[in-house]
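First the structure, in the form of structure tokens, and then the observations on it.
The values are calculated or read from the model by the stated rules, or taken from the named source; none is laboratory data. Fair warning: this is a prediction, and the values are worked out from it, not measured in the lab. Note that we place each Cβ from the backbone using ideal geometry, even for glycine, and neighbour counts take in every protein chain shown. Areas reflect the complete protein model, heavy atoms only, side chains present, ligands, DNA and RNA absent. Shrake-Rupley method; radii C 1.70, N 1.55, O 1.52, S 1.80 Å.
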Amino acid sequence: MPLIEVSNLRKEYRNHVAVQDVSFSVEEGEIFGILGPNGAGKTTAVECIEGMRKRDGGEISVMGLDPLKDKDLAELRESIGIQLQQSELPPKMKVWEALELYSTFYRDPVDWRELIKDWGLSGKADTAYGSLSGGQQQRLSIALALVGKPRIAVFDELTTALDPHARRETWKLIEKVREQDVTVLLVTHFMEEAERLCDRIAIIESGRVVALDTPSGLVSRVDEQQIIRFKPSVPMDDELLTSLPEVSSVTRSKSQVTVVGKGNVVYAVISVLARNQIVANELRLEQASLDDAFVALTGSKPAN
Ligand SMILES: Nc1ncnc2c1ncn2[C@@H]1O[C@H](COP(=O)(O)OP(=O)(O)OP(=O)(O)O)[C@@H](O)[C@H]1O
């Protein structure tokens, strides 16, 4: 039986529908990703699952509990570890004080001294939250989410504010959370993060699930597409390429042209360039990636 089951979830704010119709299930032990453009309804959906917001329609079951029922919600709060949002802690609060405070929220908390060791904060117990680096704050945030020995951890944009190095370090920590038999629900903007960490991903757009699959399953939906990148030796009119039936899109970034197409698109593009005496410098052919799947499925550009 799935650990989390969401069917036809709907949530409105005043007269704005944030989540139209979202359904997915999460199996025990998975890292399940929720990916989507800004404002797609990702945070609203997970907040309904956590019981932080009341849904307006559909069904949610988390370990058989319904977050709309007060009695179930109390039990649910013991079993879900929620990462703290940035600036939720007073900047002067020390690391050990935060962990001790969080321990009081749970019936059977883990010994926070262990968490300090496990999450590489041993030398920082007496340091104020506001004096920690971004990466250390994230480690504390994960440690706090684990104080109550949860079966499920929810991380919402955990790495958004981090530089690429700290982001990669945090990925290792998320994998370590899963190794401790905690099921992870991960909301992210980052393709690379989703591809690297998630067993399955739901792509949400405008409050609906537009695709749900493994990362490679999502890529395979678009991999009949071919991507050609090059720098034309002389100024070139895009119309030359967009008029080809094999070409589905032509985009530019500085001097580089990116052509996406199907079938014999490589031959068609090279032939038309040759006929017009244009040399394709720095020519590269690429396989479709999760980024391409995201663009094809949502029509939006992913975050970098
Ligand atoms: N408390 C609120 N009151 C009114 N509208 C809200 C509220 N919270 C979110 N919204 C709106 O609901 C929609 C979905 O927001 P949500 O934060 O769930 O999206 P998201 O996919 O998590 O976005 P992001 O990636 O930017 O965090 C957005 O249009 C947002 O402006």
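In this structure, is GLU27 on the phi < 0 side of the Ramachandran plot, touching a strand residue (DSSP E or B) at 6+ places or on another chain (Cβ under 6 Å) and more than 10 Å from the ligand (Cβ to nearest atom)? Judged against the criteria, GLU27 is not a match.
Can you tell me which residue within region 53-75, out of those that are over 15 Å from VAL6 (Cα atoms) and of a type in the set (A, V, I, L, M), is nearest to the ligand (Cβ to nearest atom)?
Restricting attention to region 53-75, the residues satisfying the condition of being over 15 Å from VAL6 (Cα atoms) are 69-75.
After this cut, where a residue has to be of a type in the set (A, V, I, L, M) as well, the list is 73-74.
On the way: LEU73: 19, ALA74: 24 Å.
Ranking the candidates gives LEU73 first.
For region 37-50, name all the residues that are over 13 Å from PHE24 (Cβ atoms) and either near the ligand (Cβ under 7 Å from one of its atoms) or in contact with a strand residue (DSSP E or B) (Cβ under 8 Å, 6 or more places away or on another chain) (or both). Once the filter is applied, which keeps residues that are over 13 Å from PHE24 (Cβ atoms) and either near the ligand (Cβ under 7 Å from one of its atoms) or in contact with a strand residue (DSSP E or B) (Cβ under 8 Å, 6 or more places away or on another chain) (or both), region 37-50 yields PRO37, ASN38, GLY39, ALA40, THR43, THR44, GLU50.
Are any residues in region 75-113 open to solvent by 60 Å² or more (accessible area, probe 1.4 Å), more than 13 Å from GLY148 (Cα to Cα) and assigned to a helix (DSSP H, G or I), and if so, which ones?
Selection gives TRP96, GLU97, ARG113.
Just one of (1) touching a residue at least 40 places away in the same chain (Cβ under 8 Å); (2) within 16 Å of the ligand (Cβ to nearest atom) fails for THR159. It is (1).
Name the residues in region 207-218 that are in contact with a Leu (Cβ under 8 Å, 6 or more places away or on another chain) and crowded, with 20+ Cβ neighbours inside 10 Å, would you?
Here is the first cut: in region 207-218, the ones in contact with a Leu (Cβ under 8 Å, 6 or more places away or on another chain) are 210-211, 215, 218.
If the condition is that a residue be in contact with a Leu (Cβ under 8 Å, 6 or more places away or on another chain) and crowded, with 20+ Cβ neighbours inside 10 Å, then PRO215, LEU218 are the ones that fit.
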